[in-house]
Amino acid sequence: MAEKVYQCTVSAPVNIAVIKYWGKRDVGLNLPTNSSLSVTLSQDDLRTVTSASCSKSFEKDTLWLNGHAEDISASKRLSVCVEELRSVRRELEKENDSMDKISQLKVHVVSINNFPTAAGLASSAAGYAAFTEAIARLYDLTWTPTELSRIARQGSGSACRSLFGGYVSWEMGELHSGADSVAVQVEPVEHWPEMRVAIMVASAAKKGISSTSGMQATVASSTLFQERIKNIVPGRMQAMKQAIRNRDFETFAKLTMTDSNQFHACCLDTLPPIFYLNDTSRAIIRVIENINAAAGKTVAAYTFDAGPNAVVYFLEENSSYILDALHAVSKHAEGWEESARNPTSVKIDDVASETVSSGVSRVILTKIGDGPRILSPEESLIKEDGTPKNA
Ligand code: DP6
């Protein structure tokens, strides 16, 4: 008789930081030099789907990521997450005789992203959040998202924030063990559901220098960065939380842009300097400035991660005004098909307009969203025999 295959399928969201995580105080445990804060994006548009399974018939812990098989034990980040979850399950099995002894079994995990991996679109965040959540559910762990965030953090720092929907902070903590370096929900989606997002893809290519090595170089060489972590971020975290609680978009937007600018300034202050922004990114900044100037107030905010793609935040009430202007400078990009746009009233700088027009290949229109979801068995990526469906 074929061995039983246990399985569970989940999806997890992307999050985009408005106060950036950049710098580790402990590389092994992925402990940050500063707290950070993000907005979780809707899984209707961007998500990682992950199925986790285990069975006596499996020979080694394997992950199929977007169709490519990887030995989990060969990756420190993946194996830390699996082993931590396994040991929690093992304890439960010891306490409760009726539980199947599945912690002894090897796992097969199949994961797919519906967006370009490593394009600066936070694929590692959604990926490690889904990986952690799927195995936790496979093991029937009843942990809170904050407890699970301690494990996801060790896969990829920003992943800890993808275990919640809405507005999420990652509190840096103080302990050497990392026990207090966890994600917490600042406010759920329902508190301020009007937040909208346009992602302007300036390059879907794999990024030049990874965030992990980039941040280490910054920690080692930037004096501006020391100022940032000691004297800037603590106050900015408080101000950002307050702006979110008050649903104060102008303050939210100004803090978001200022923090993105400072993060990229720290990159430039690194030896050798790191350039994540390109001409297209800078032209998008110009366009957002034109949009805000024409509105007479701050109605749109840009932010950039470790790559040239722009993420633009705005409120539903200004959606038409902002999308018409963004469309005017990126008409030929993929992604506008389902959005009927009108000519813009905003006077946009000609050079910026041309640069954006030739540099942006795709737009993704989305909004704020909820945390990881458990999917039905029909949505599983794993066959009954434990092999991936589309391999
Ligand atoms: C610029 O979470 O990818 O997106 O912990 O080394 O995996 P590791 O880094 P990662 O870094 C994300 C950096 C960022 C800012 C942010 O998301 O806060």
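Every read-out reported here was derived from the displayed coordinates using simple, explicitly stated rules and does not represent laboratory data. Just so it is clear, the structure is predicted and the values come from calculations on it, not from any experiment. Note that we place each Cβ from the backbone using ideal geometry, even for glycine, and neighbour counts take in every protein chain shown.
When Val186 is tested against (1) away from the ligand (no atom under 13 Å from the Cβ); (2) within 30 Å of Ala325 (Cα to Cα); (3) touching a Lys or Arg at 6+ places or on another chain (Cβ under 6 Å), just one condition goes unmet, and that condition is (2).
In this structure, is Thr48 under 18 Å from Ile374 (Cβ atoms), out of contact with any Asp or Glu (no Cβ under 8 Å at 6 or more places or on another chain) and within 16 Å of the ligand (Cβ to nearest atom)? Considered against the rule, which asks whether it is under 18 Å from Ile374 (Cβ atoms), out of contact with any Asp or Glu (no Cβ under 8 Å at 6 or more places or on another chain) and within 16 Å of the ligand (Cβ to nearest atom), Thr48 comes out as yes. Within the range 210-238, restricting attention to residues that are of a type in the set (Gly, Ala, Ser) and over 22 Å from the mean Cα position of the chain (by Cα), the residue that is surrounded by the fewest Cβ atoms within 10 Å (Cβ to Cβ) is Gly235. When Trp64 is tested against the conditions (1) aromatic (Phe, Trp, Tyr); (2) more than 12 Å from the ligand (Cβ to nearest atom); (3) buried (at least 23 other Cβ atoms within 10 Å of the Cβ), the lone failure is (3).
Listed by position, the strands (runs of 3 or more DSSP E) enclosed by the range 107-216 that each have at least 2 residues that are closer than 30 Å to Val360 by Cβ are 167-171, 195-201.
Checking each residue in the range 266-291 for being within 16 Å of the ligand (Cβ to nearest atom), assigned to a helix (DSSP H, G or I) and out of contact with any Phe, Trp or Tyr (no Cβ under 7 Å at 6 or more places or on another chain) picks out only Leu268.
Taking residues in the range 209-220 that are without any contact (Cβ under 8 Å) to a residue 60 or more places away in the chain and more than 9 Å from the ligand (Cβ to nearest atom), and partners anywhere that are not in a helix (DSSP H, G or I) and not basic (Lys, Arg), the pairs with Cβ atoms closer than 9 Å and at least 6 places apart or on different chains are Ala217/Ile209; Ala217/Thr270; Ala217/Leu271; Ala217/Pro272; Ala217/Ile274; Ala220/Thr270; Ala220/Leu271.
Annotation note: Cβ proximity below 6 Å between a residue of the range 122-143 that is among the polar types (S, T, N, Q) and a residue that is not in a helix (DSSP H, G or I) (sequence gap 6+ or interchain) occurs for Ser123/Asn113; Ser123/Thr117; Ser124/Ser156. Which of the strands (runs of 3 or more DSSP E) found entirely inside the range 1-44 contain at least 2 residues meeting this: within 8 Å of the ligand (Cβ to nearest atom) and in contact (Cβ under 8 Å) with a residue 60 or more places away in the chain? The qualifying strands (runs of 3 or more DSSP E) are 15-19, 36-40.
Pick out the one residue from Ala352, Ala325, Ala294 that is among the hydrophobic types (A, V, I, L, M, F, W, C), over 15 Å from Ala198 (Cβ atoms), part of a helix (DSSP H, G or I) and touching a helix residue (DSSP H, G or I) at 6+ places or on another chain (Cβ under 7 Å). Outline the logic, then answer.
Working: Ala325 fails: over 15 Å from Ala198 (Cβ atoms); Ala294 fails: touching a helix residue (DSSP H, G or I) at 6+ places or on another chain (Cβ under 7 Å).
Of Ala352, Ala325, Ala294, the one residue that is among the hydrophobic types (A, V, I, L, M, F, W, C), over 15 Å from Ala198 (Cβ atoms), part of a helix (DSSP H, G or I) and touching a helix residue (DSSP H, G or I) at 6+ places or on another chain (Cβ under 7 Å) is Ala352.
Just need a number here: residues in the range 65-95 that are out of contact with any helix residue (DSSP H, G or I) (no Cβ under 6 Å at 6 or more places or on another chain) and farther than 17 Å from Arg137 by Cα. Total satisfying the criteria: 12. Of the residues making up the range 85-106, those that are surrounded by fewer than 18 Cβ atoms within 10 Å (Cβ to Cβ), not in a loop (DSSP other than H, G, I, E, B) and not hydrophobic (A, V, I, L, M, F, W, C) number 7.
Conditions (1) touching a Pro at 6+ places or on another chain (Cβ under 8 Å); (2) without any contact (Cβ under 8 Å) to a residue 40 or more places away in the chain, marked per residue:
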| position | (1), (2) |
| --- | --- |
| Glu174 | no, yes |
| Gln185 | yes, no |
| Ile229 | no, no |
| Ile232 | no, yes |
| Arg245 | no, no |
| Phe252 | no, no |
| Leu255 | no, no |
| Tyr276 | yes, no |
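Among the residues making up the range 132-168, a single one is among the small types (Gly, Ala, Ser), farther than 30 Å from Lys4 by Cβ, within 13 Å of the ligand (Cβ to nearest atom) and in contact with a Ser or Thr (Cβ under 6 Å, 6 or more places away or on another chain): Ser156. Please find, within the range 187-205, the residue that is farthest from Tyr302 (Cα to Cα) out of those that are surrounded by fewer than 20 Cβ atoms within 10 Å (Cβ to Cβ) and hydrophobic (A, V, I, L, M, F, W, C). Selected residue: Ala205.
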